[in-house]
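A short worksheet on the structure shown next.
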Amino acid sequence: AFIFLSLFSVGMAAQAQPKKLPADLEIPLQYGADRLGKRQDAAMQKFRDNRLGAFIHWGLYAIPGGEWNGKVYKGAAEWLKSWAKISSDEWMKLMDQWNPEKFNAKAWAKMAKQMGVKYVKITTKHHEGFCLWPSKYSKYTVAQTPYKKDILGELVKAYNDEGIDVHFYFSVMDWSHPDWRYDIKSKEDEEAMARFFEFTDNQLRELAERYPTVKDFWFDGTWDASIKKNGWWTAHAEKMLKELLPGVTINSRLRADDYGKRHFDSNGHMMGDYESGYERRLPDPVKDLKVTRWDWEACMTVPENQWGYHKDWSLSYVKTPVEVLERVVHAVSMGGNMVVNFGPQGDGDFRPEEKELAAYIGSWMKKNGECIYGCDYAGFEKQPWGYYTRKGDDVYMVVFNPPYSRHLVVKTPGGTSIKAAQVVGGKEVKVEETARNEFNVDVPSALPDEPFVIKLKIEKKQSGKTYRDALT
Ligand SMILES: C[C@@H]1O/C(=N\OC(=O)Nc2ccccc2)[C@@H](O)[C@H](O)[C@@H]1O
């Protein structure tokens, strides 16, 4: 282990934290990054080890499902209020229809367990302002619907009972609140936003106190000028939650610094505990290796851009289960987490495509999950056949594109050799040295009908062979 780690750490040292500018060149900040480098406490390690999560986008928007007054809007269904230019009073009348008779928190938790997710991020309140918990600071909550009960509380208990961590999505932007402002252009705006921040603090404190097992807050709706001009509040919100819930993790999207810089402060240091900018996109495995220097979490939709339930998925490309799986592996191969989105129906059931996706991912994770959970960036050069992940001394090859050559090329850090075996079935796989630090790993003769994983043992062994470099 020491051998591999020492080789690996040499590789990583070259990619340590962004070079800290000499102190006198850094801009002094009151509301910039609170910490340099990755958090190393147990709660953050659990966040990191979880690797695979699910997003639940569920709110009033699930009832119309993208259609209003007979017109179907192609945009994201959870933004229907905006696309159809509906007033909040009109939109909130949907509360009278909120009675998800097929909702069963235990069934949702069972589905998540079978999918192999280690955590679920739930929209406590999306931009529309409807709260899945009976907040005493708002009249737009489940308590004021025919359903009446605390949906968030039911879900937190059900997921936790299955050993699944719960994270809270919280939209700061709240279209239903009279004091919300997109920008601050007057004293009146300033006073309104002060009331709005107090309202938001009250709701955040309420969520932390009612649901103390929550492990993370994923803030959204923080891109407008009204927030960027109030970096102090974003730093205060993070500090308040961390005092209420020691160990809780907070995403970078909450934060704006003294100058309105978001995610990374004016000195280039990440704010929050993990970067949350990879939404429906992923860093390039060759050009964007910088992301391996910090913690990050990506999130993705199954259609091109639908987080809430939309009744017509034919309006955009819908990723196949293998394409979703590849994005999960891609994220982990670069030291990130991946959260796959589900948009439950207004009746509280899931659409068939999402049930099938959960089943496919779950069956694959049952056989191959050791290449995902607790894994990180391997430090090996990306190859066309797929992705590497690493856990301790073990390097995993996750193969999505077996080549016609039937050989998987592996380029190792200097002075090592490798042994290989299939994760499913454990069968040894032939390895042949082909050049300095280059090996051919055989594709299994009976090609599996799904992406397969080969586990490498890295050995410090100078091979007897010598190689001459071309004289150019
Ligand atoms: C996870 C997604 O998060 C969102 N928006 O995220 C953004 O970062 N939006 C954005 C992207 C680029 C520029 C400005 C805002 C929401 O609007 C969306 O409904 C969903 O909840």
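Only a single item in (1) farther than 21 Å from Ala192 by Cβ; (2) among the small types (Gly, Ala, Ser); (3) out of contact with any Cys (no Cβ under 8 Å at 6 or more places or on another chain); (4) within 16 Å of the ligand (Cβ to nearest atom) is not met by Gly260, and it is number (1). Among the residues making up segment 424-449, a single one is in contact with an Asp or Glu (Cβ under 8 Å, 6 or more places away or on another chain) and part of a loop (DSSP other than H, G, I, E, B): Lys430. Scanning segment 263-281 for residues that are assigned to a loop (DSSP other than H, G, I, E, B), over 26 Å from Pro22 (Cβ atoms) and within 15 Å of the ligand (Cβ to nearest atom) turns up Ser276, Gly277, Tyr278, Arg280, Arg281. Scan segment 462-470 and give yes if some residue there is in a strand (DSSP E or B) and either farther than 24 Å from Val328 by Cα or not basic (Lys, Arg) (or both), otherwise no. No: segment 462-470 contains no residue that is in a strand (DSSP E or B) and either farther than 24 Å from Val328 by Cα or not basic (Lys, Arg) (or both). If I filter segment 132-149 down to residues being out of contact with any Asp or Glu (no Cβ under 7 Å at 6 or more places or on another chain) and free of Cβ contacts under 8 Å to residues at least 24 places away in the same chain, which single residue comes out as nearest to Phe168 (Cα to Cα)? Selected residue: Thr141. Taking the conditions (1) surrounded by fewer than 21 Cβ atoms within 10 Å (Cβ to Cβ); (2) out of contact with any helix residue (DSSP H, G or I) (no Cβ under 7 Å at 6 or more places or on another chain) in turn, Ala105 satisfies each one other than (2). Taking strands (runs of 3 or more DSSP E) as the structural unit, those lying wholly within segment 336-423 and holding at least 3 residues that are open to solvent by less than 20 Å² (accessible area, probe 1.4 Å) correspond to 336-342, 386-391, 394-399, 416-422.
Restricting attention to segment 60-88, the residues that are outside any loop (DSSP other than H, G, I, E, B), away from the ligand (no atom under 15 Å from the Cβ) and hydroxyl-bearing (Ser, Thr, Tyr) add up to 1.
Step by step: first the residues of segment 292-326, then only those that are within 30 Å of Lys242 (Cβ to Cβ) and out of contact with any Phe, Trp or Tyr (no Cβ under 8 Å at 6 or more places or on another chain), then the one that is most open to solvent (accessible area, probe 1.4 Å). Which residue is that? Applying the filter and picking the extreme gives Arg293. Taking segment 202-225 as the range and being open to solvent by less than 20 Å² (accessible area, probe 1.4 Å), hydroxyl-bearing (Ser, Thr, Tyr) and more than 14 Å from the ligand (Cβ to nearest atom) as the test, only Tyr211 passes. Candidates are the residues of segment 110-169 that are in a strand (DSSP E or B) and in contact with a Cys (Cβ under 9 Å, 6 or more places away or on another chain); the one that is nearest to the ligand (Cβ to nearest atom) is Lys121.
Restricted to segment 311-367, and to residues there that are polar (S, T, N, Q) and free of Cβ contacts under 8 Å to residues at least 24 places away in the same chain, the residue that is nearest to Lys71 (Cα to Cα) is Ser314. Within the set Met92, Met115, the sole residue that is within 25 Å of Trp296 (Cβ to Cβ) and touching a Gly at 6+ places or on another chain (Cβ under 9 Å) turns out to be Met115. Close contacts from segment 279-298, counting a first residue that is more than 14 Å from Arg48 (Cβ to Cβ) and a second that is among the β-branched types (Val, Ile, Thr) and buried (at least 17 other Cβ atoms within 10 Å of the Cβ), with Cβ to Cβ under 7 Å and a gap of 6+ residues or different chains, come to Arg280/Thr301; Pro283/Val291. Scanning segment 182-195 for residues that are open to solvent by less than 60 Å² (accessible area, probe 1.4 Å) and in contact (Cβ under 8 Å) with a residue 24 or more places away in the chain, we see that the one that is nearest to the ligand (Cβ to nearest atom) is Asp183. Restricting the first member to segment 73-88 and to residues that are at pLDDT below 95, and the second to residues that are within 14 Å of the ligand (Cβ to nearest atom) and open to solvent by less than 30 Å² (accessible area, probe 1.4 Å), no beta-carbon pair is closer than 7 Å while six or more apart or on different chains.
The values are calculated or read from the model by the stated rules, or taken from the named source; none is laboratory data. Note that the structure is predicted; figures quoted are calculated from it, not measured. Note: ideal-geometry Cβ built from the backbone for every residue, glycine included; neighbour counts use all protein chains shown. To get the accessible areas, we keep the full protein, side chains included, count just its heavy atoms, and leave off ligands, DNA and RNA. Shrake-Rupley method; radii C 1.70, N 1.55, O 1.52, S 1.80 Å.
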